[in-house]
Structure formats: C-alpha cells, structure tokens
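Trainee: I'd like to ask some things about the structure below.
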Amino acid sequence: MFKSLQLPAIACALVALSSAAAQSDEYTKIDNHPCLRDYNGITKSMFDLADANPTLATVTDIGDTYLKLHPGSAITEMSDIPEDGFDIWGFNVTNSDSSHTSDEKAKVLIISGVHSREYATSELNMRFAEKLLDGFGDNSDINWILNHTEVHFIFTANPDGRYMAES
C-alpha cells in the first residue's frame with residue numbers, strides 16, 4: 001500500500017495534520033512540495049515568530065556550517081551553494097515572564113534537518129513551535145509547559161546540505 005504513495009504526499013499529509021498556521025503564502029516553499037517551507041522560509045518564519053513574541057521566543061546564532069568555516073570549499077560546479085556557508089540558528093520558546101528562572105526550568109532540545117533531504121522534520125518542528133506560541137495564554141497545557149520548560153529548537157542542523165538538496 002505505501003509503495004503507491006509518494007513521499008511528498010505523505011509529508012504534506014503529516015504537516016497538514018500538525019497545524020494550519022503556516023499555510024500562508026508569505027514564506028517561500030520547496031518546489032513540488034507546496035506545504036513545506038524551504039530553508040529561507042523556515043529561517044524567515046523563525047525570525048518573524050521571535051519578533052512577534054518577544055517575551056516567548058528568542059533566536060540565537062549557535063554556530064557556523066562547514067562551508068562558513070571553510071570558505072571556498074564548495075564545489076560550485078555541482079550547485080549554486082553560497083561559498084560563504086550559513087549560520088546555524090537556535091530558537092528558544094519559553095515564558096521569560098514566568099516566576100520560574102531559567103535555572104529552575106526543564107530543558108528540551110528538538111533538532112531537525114540533520115540530513116539534507118529531511119524536509120518534513122523542519123516543517124513539523126516549526127509547526128510545533130508555532131502551536132506553542134499561538135496557544136500561549138489560551139491553552140492551560142501550553143501555559144504550563146512554557147512556564148516550566150525551555151523548548152530549544154534547531155530547525156535546520158545542516159543548512160549547507162539543505163540548500164544543496166533544494167537547488
């Protein structure tokens with residue numbers, strides 16, 4: 001049965017089940033995968049979420065990709081990958097106005113996009129972050145989670161590979 005289904009269809013179905021928040025056309029998508037944001041769309045979404053939720057979300061540059069650490073090492077004949085590489089971004093979701101300090105909060109780390117063609121994992125985790133942010137103040141479970149936990153995301157752990165896979 002699953003042999004007849006195509007992976008993009010399965011990925012889109014999973015993403016559609018997770019949340020409808022990011023169905024906006026304002027973010028760029030992966031060609032032939034209309035429900036999956038590309039690297040630039042994921043990154044722009046992350047910064048937009050942090051700007052819209054300053055007491056709940058922060059973005060941090062946590063490191064550099066191989067190509068950023070080794071400029072000029074890209075095989076540019078194979079793709080149009082930027083020779084200067086990318087930053088690797090961390091995204092933290094927690095209620096900074098909580099009565100609990102960071103030291104008192106549990107920490108959760110969710111990493112996605114480790115392998116270059118793992119498109120759905122980045123999108124699903126972005127949708128989870130959006131769900132946490134959209135539900136804060138209205139959903140008692142989400143309120144409790146963000147008052148007692150720091151949820152750290154790395155949406156794209158391999159930006160160099162992701163960019164090449166999308167090209």
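The values are calculated or read from the model by the stated rules, or taken from the named source; none is laboratory data. Bear in mind that the values here come from a model prediction, so they are computed numbers and not experimental data. Every residue, glycine as well, gets a Cβ built from its backbone with ideal geometry; the counts of neighbours run over all protein chains shown. Only protein heavy atoms, including side chains, enter the accessible area calculation; ligands, DNA and RNA are left aside. Shrake-Rupley method; radii C 1.70, N 1.55, O 1.52, S 1.80 Å.
Trainee: Search region 119-154 for residues being in contact with a helix residue (DSSP H, G or I) (Cβ under 8 Å, 6 or more places away or on another chain) and not in a helix (DSSP H, G or I), and hand back the single one that is surrounded by the most Cβ atoms within 10 Å (Cβ to Cβ).
Mentor: Only one residue fits best here, namely Phe153.
Trainee: Let me ask you something else. List the pairs whose first member sits in region 105-117 and is within 9 Å of Ile154 (Cα to Cα), whose second member is part of a loop (DSSP other than H, G, I, E, B) and of a type in the set (S, T, N, Q), and whose Cβ atoms are under 8 Å apart, counting only residues at least 6 apart or on separate chains?
Mentor: So the pair list comes out as Ser112/Thr156; Gly113/Thr156; Gly113/Asn158.
Trainee: Going by what's in this entry, would Ile88 be described as over 29 Å from Trp144 (Cβ atoms), buried (at least 16 other Cβ atoms within 10 Å of the Cβ) and modelled with pLDDT under 90?
Mentor: Criteria not met by Ile88.
Trainee: What is the one condition in (1) within 19 Å of Gly41 (Cβ to Cβ); (2) of a type outside the set (D, E, K, R); (3) open to solvent by 70 Å² or more (accessible area, probe 1.4 Å) that Leu109 does not satisfy?
Mentor: (1)
Trainee: State whether one or more residues within region 18-36 are assigned to a helix (DSSP H, G or I), surrounded by 15 or more Cβ atoms within 10 Å (Cβ to Cβ) and modelled with pLDDT under 95.
Mentor: Yes, that holds for at least one residue.
Trainee: Looking at (1) at pLDDT below 95; (2) over 28 Å from Thr28 (Cβ atoms); (3) assigned to a helix (DSSP H, G or I), which one does Ala165 not meet, given that it meets all the others?
Mentor: (2)
Trainee: Residues to consider are Lys3, Lys68; find the one that is open to solvent by 100 Å² or more (accessible area, probe 1.4 Å), assigned to a helix (DSSP H, G or I) and either at pLDDT below 95 or under 19 Å from Ala120 (Cβ atoms) (or both).
Mentor: Lys3
Trainee: Residue by residue through region 97-136, note down the ones that are touching a strand residue (DSSP E or B) at 6+ places or on another chain (Cβ under 9 Å), of a type in the set (D, E, K, R) and within 21 Å of Asp160 (Cα to Cα).
Mentor: Passing the criteria: only Glu123.
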